[in-house]
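Report on the following structure.
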Amino acid sequence: MKKFMNDPSSFEADMLEGILLAHGDELEALDPDRRALVRRQAPSAGKVGLVTGGGSGHLPLFLGYVGQGMLDGVAVGDVFASPSAMVMLEVTRRVNSGSGVLYLYGNYGGDVLNFDMAAEMATDEGIEVESVVGIDDVASAPKGEESRRRGIAGLFYLYKLAGAKAELGASLAEVKEVAEKAIARTRSMGVALSPCYLPSTGQASFAIGPDEMEVGMGIHGEPGMERLPIEQSHQLVSRLLEPMVQELSLGAGDQVSVLVNGLGATSREELYIVYRDVHRWLANFGIEVLLPYIGEFATSLEMSGMSVSILSLEDELVELLAHPCDTPFWRQCR
Amino acid sequence: MTVPQSASEVVDMLICLAHLVEDTAEELGALDASLGDGDLGVTMRKGFTAIETKLSDPELSVVHPGDVLVLAGTTMASVAPSTLGTLLGFGFVKAGKKVADKESLDGAAWSVIWRTIVDSIATQGKAQRGDKTILDALVPGAEAFDSALERGDSVEEAALEAYVAARQGFEDTARMQARQGRAGRYYEHSVGYKDAGARMGALIFQAFSRSEQAS
């Protein structure tokens, strides 16, 4: 393992100190450990508070999307570990303007457990809390068992759409409805080429041969669907797109947004080659791409690999996706 | 030894539990490493060390025993947000709230505490007895406690029975197949190993019964 760091045991603390030094004008830490982060102006009067959380090691997920037009607060865990329910509760209290709080996060056991606990405690305190859980990773469980699927880069769409809806002054029920629509219309699938190394142990998250790829691998190195010899980009893209397009029942005349996400150590050049092949594959079926996103949105430390997410668009979603936002890791102008 | 009744006696019981966890941390880690990721000893030690520090604070003034449980639970959930840390922490919080109005805990109050902890872990953890988890020690412990009280045993006798049953429950996990958590991935391969969570459950009843015997 080679990493730019100091003491491995202060990996998260040093990273968070850097985040606050760089983005302290936008973000505020509620605790000395900087595990509870909120938008400086939180709560915004009358606005539904959007809260996320999860382990470190995935920047820009999760804290990178706290800001105008997206999220109001985040609970930050250790690398690949859930933050505590107490931190989530602290964030919840602060971002609640009285209009309720919506939890948006990925479907991982520890996170679900802690967010459920936090929701229960917040409810006891009289705060209205709802939850919508990201389950975009097609490879993590078969169709029909969607509730077992993990949340990966498609979480970006969940944050962006619900964030814009909340910013426009919608009620908790209305924001939740958009979040659920985002879940129903987003699918993702990833491929890994090389592992990441946990700073605390120096251990590789998995072993893989030099000419192999793992299709469907999760963002913590969870086993995927199959291990294959690496293919050309256009072949791989069609392998990834087919199940997604089928599940979303996409056909000629439909409009989608595409998100090509690097897992941490894959070049932008490669991501644009993948985007080319995605765009051409979809165009071949008469499917139009309106708003493409290419870059790093949900990483796994220095893992190399990428994921493709597809959002099936409709009128309201196009507007919400195009709505301006301003966060430390994602800015979008009208 | 007597079963804790006052707030300060509950503090003593939890500090005793912290020491038991400290002495057993390596065994917990080794048991967990056979089936899980081996961090259970570390997280439980971390959680209970923090609880001991908090409860040993001379500034601490807690009147109600239930508040001691709430404080211990929130501390555990804050510093050890692993699955077991969170489930156990919130079990303590809910149990403490259930007996919040009591200034002294009798057998009936302890029965409520154990049932609340068991129900909370089962509901939030989506697990039941037989799944090779902490419940396989806590459920027989809580049940043995209740039956002993029903038979007319003293609270002290009932607590000792609870510990014996919880300890046996832990031993019995060797025959069980894991269905929950990381160990769930190993399915039938989990048979033959005892469960680290159930070991933790037995320790809780050991501290409760103030059993001096080595376990």
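No value in this document is a laboratory result; all are computed from the given coordinates. Keep in mind the model is a prediction, meaning the values are calculated, not measured. Glycine gets a Cβ as well: all are built from the backbone with ideal geometry, and neighbour counts include every protein chain shown.
Side notes on the structure shown:
- Top of B:Ala25, B:Ala174, B:Ala166 by mean-square fluctuation, Gaussian network on chain B, Cα under 10 Å: B:Ala174
- Vicinal HN-Hα couplings computed from phi for segment A:189-198 (Karplus, 6.51 cos²θ - 1.76 cosθ + 1.60; Hz; Gly/Pro x): 7, x, 9, 10, 10, 8, x, 10, 10, 6
- Computed as a quarter of the hull surface, the mean projected area of the alpha carbon convex hull for chain B stands at 10.4 nm².
- Scanning residues 5 or more positions from A:Asp78 or on other chains, those with amide H under 5 Å from its amide H are A:Ser56, with H placed 1.01 Å from N in the peptide plane.
- Alpha-carbon Rg/Rh ratio, for segment A:8-184, with Rh computed the Kirkwood way: 0.94
- The length gained by stretching the chain between B:Ala33 and B:Leu60 to full extension, at 0.36 nm per residue less their Cα-Cα distance, is 6.1 nm.
- When only alpha carbons of chain A are considered, Rg and Dmax amount to 18.9, 55 Å.
- When segment A:8-184 is described by a simple charge dipole with +1 on each Lys and Arg Cβ and -1 on each Asp and Glu Cβ, the residue from A:Gly169, A:Val76, A:Ile19 located farthest towards its positive end is A:Gly169.
- Candidates A:Phe115, A:Phe297, A:Phe285: whichever shows maximal mean-square fluctuation once chain A is modelled as a Gaussian network with Cα springs under 10 Å: A:Phe285
- Separation in nanometres of the label points that stand 7 Å from Cα toward Cβ, at A:Tyr272 and A:Ala204: 3.1
- Pair-distance distribution P(r) for segment A:135-288, from all Cα-Cα distances in 5 Å bins starting at 0: 2, 8, 16, 19, 20, 16, 10, 6, 3, 1, 0 percent.
- The fewest-to-most ranking of B:Lys94, B:Lys132, B:Lys194 by surrounding Cβ atoms within 10 Å reads B:Lys194, B:Lys94, B:Lys132.
- GluC sites (Glu not before Pro) within segment A:230-272: DSSP coil, no more than 15 neighbouring Cβ in 10 Å: A:Glu231
- Along chain B, the longest continuous region that contains none of the GluC sites (Glu not before Pro) in a DSSP loop with at most 12 other C-beta atoms within 10 Å is B:104-211.
- Amide H contacts under 5 Å for A:Glu296, placed H, 5+ residues apart: A:Gly262
- Charges were assigned to the Cβ only: +1 to each Lys and Arg, -1 to each Asp and Glu. The resulting dipole of segment A:8-184 about its Cα centre is roughly 420 debye.
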